[in-house]
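Report on one structure; see the data block that follows.
The values are calculated or read from the model by the stated rules, or taken from the named source; none is laboratory data. Just so you know, these numbers come straight off a predicted model, no measurement behind them. Cβ sites come from the backbone with ideal geometry, for glycine too, and all protein chains shown count toward neighbours.
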Amino acid sequence: MPELDRVDVLTRIADRLGEGRRLTPAERAEVLRIAQGMDCKSSAAVASVAPETIRARRKRIYRKLGSSGAIDVIASLLASALRDLAGERQAERHGDLAGRGVVVPR
């Protein structure tokens, strides 16, 4: 598996987390900043918007994800990452077994 930096991994997971929940690109970017531990003021500086804009954006994210706050968003990201990892490991095992001539039920 190619080496990915932390932001690449978080971006992939945040995109999956937002699937079906209609997160805007700005909201997905904010999820990444939440995961990186940024507060509203720091995130606003990075995004070149007012802190009030970030607060409103975070409220929309929490509502769309059914979260009560940043901790829930981070927990959702972690759960999504673990599901992805488990799926990749299962696929690797199926590939190993199939390579040995073992029929793997789907």
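Assorted remarks:
- Counted residues, segment 25-79 - those being of a type in the set (S, T, N, Q), closer than 21 Å to R12 by Cα and without any contact (Cβ under 8 Å) to a residue 24 or more places away in the chain: 2
- Residues located in segment 48-59, provided they are surrounded by 15 or more Cβ atoms within 10 Å (Cβ to Cβ) and closer than 15 Å to L23 by Cβ: I54, R57, R58
- The residues listed here are A35, A29, A44; of these, the one that is touching an Asp or Glu at 6+ places or on another chain (Cβ under 9 Å) and among the small types (G, A, S) is A44.
- Note on segment 50-106: among residues that are hydroxyl-bearing (S, T, Y) and in a helix (DSSP H, G or I), the one that is modelled with the lowest pLDDT is S80.
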